[in-house]
Amino acid sequence: MDRVALIYRFLSGEASQSEKQELDEWIAKSEANREEFEDIKLLWENSPLPSDTEQDENGFEKIRQRIQQRSRRKKRILSIFYVCIVVALIVLFFLLLRQTWFRNPVGAQFNDTGMNEVIKMLEKKYHIQIEVNNPQLLRCNFTATLYKIQDKQTALRSIEHSLDVAFIAQKKNKYRAVGNGCSSL
């Protein structure tokens, strides 16, 4: 027997004992089944009572249509939810892609970057140590793109030409930055 018809028979008081047991088992199987039963029961309770058989058929059909509408609405909401999740994942993917692939892996770009950050990047990239004697140098900002510069000497010379600073080699991988501060040449 159709479960909606079974629920309809139960609510109208026409269900046999075996039909009641079958309905109880179906409701107990899942939360979705219980919700569907509650929806139909709510519609039943809020529907006007039919006076004859023809109205009985129409009332049953109206209940069925309301259930189908609610089911379609739930499916639409779930579809919209899934679309939002997919769009969010695509946006996150492109943001990650932009951060990794579209970055210049063989160069460094500085846009009004403080010398503290510039020195940290140089130390990390070229495995060197830079000591700064004049704290005024650390207040300077640096703007440049060091594209495809693989050796530390070229990178240091590029900065020397942009700022009033000189990098003096102390040991193989240790340098001292000297200069008067941010005045450009």
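Quick notes
- Pair list, Cβ < 6 Å and 6+ apart or interchain, from the range 43-66 residues that are at pLDDT below 75 to residues that are outside any loop (DSSP other than H, G, I, E, B) and surrounded by 10 or more Cβ atoms within 10 Å (Cβ to Cβ): Ser47/Gly59; Pro50/Asp56; Pro50/Gly59; Phe60/Tyr8
- Picking from residues in the range 135-162 that are at pLDDT 85 or above and not in a helix (DSSP H, G or I), the one that is farthest from Gly181 (Cα to Cα) is Ala144.
- All of Glu38, Glu19, Glu25 fail the test of being modelled with pLDDT of 80 or more and either of a type in the set (Ser, Thr, Tyr) or touching a Leu at 6+ places or on another chain (Cβ under 7 Å) (or both), apart from Glu19.
- Criterion applied to Phe167, Phe110, Phe81, Phe93 was being at pLDDT 90 or above, surrounded by 12 or more Cβ atoms within 10 Å (Cβ to Cβ) and either in contact with a Lys or Arg (Cβ under 8 Å, 6 or more places away or on another chain) or not in a loop (DSSP other than H, G, I, E, B) (or both), and the one residue passing it is Phe167.
- Taken over the range 11-51, the criterion of being under 47 Å from the mean Cα position of the chain (by Cα) and closer than 18 Å to Glu61 by Cβ is satisfied by Leu11, Glu36, Asp39, Ile40, Lys41, Leu42, Leu43, Trp44, Glu45, Asn46, Ser47.
- Flag if Ile159 is in the same structural domain as Asp112 (by TED's automatic domain parsing), more than 44 Å from the chain's Cα centre (by Cα) and aliphatic (A, V, I, L, M): no
- Hits in the range 1-23 - residues which are free of Cβ contacts under 8 Å to residues at least 60 places away in the same chain, aliphatic (A, V, I, L, M) and in a helix (DSSP H, G or I): Ala5, Leu6, Ile7, Leu11, Leu23
The values are calculated or read from the model by the stated rules, or taken from the named source; none is laboratory data. Here the structure is a predicted model, which means the values were calculated and not measured. Counting neighbours? That spans all protein chains shown, and the Cβs are built from the backbone with ideal geometry, glycine included.
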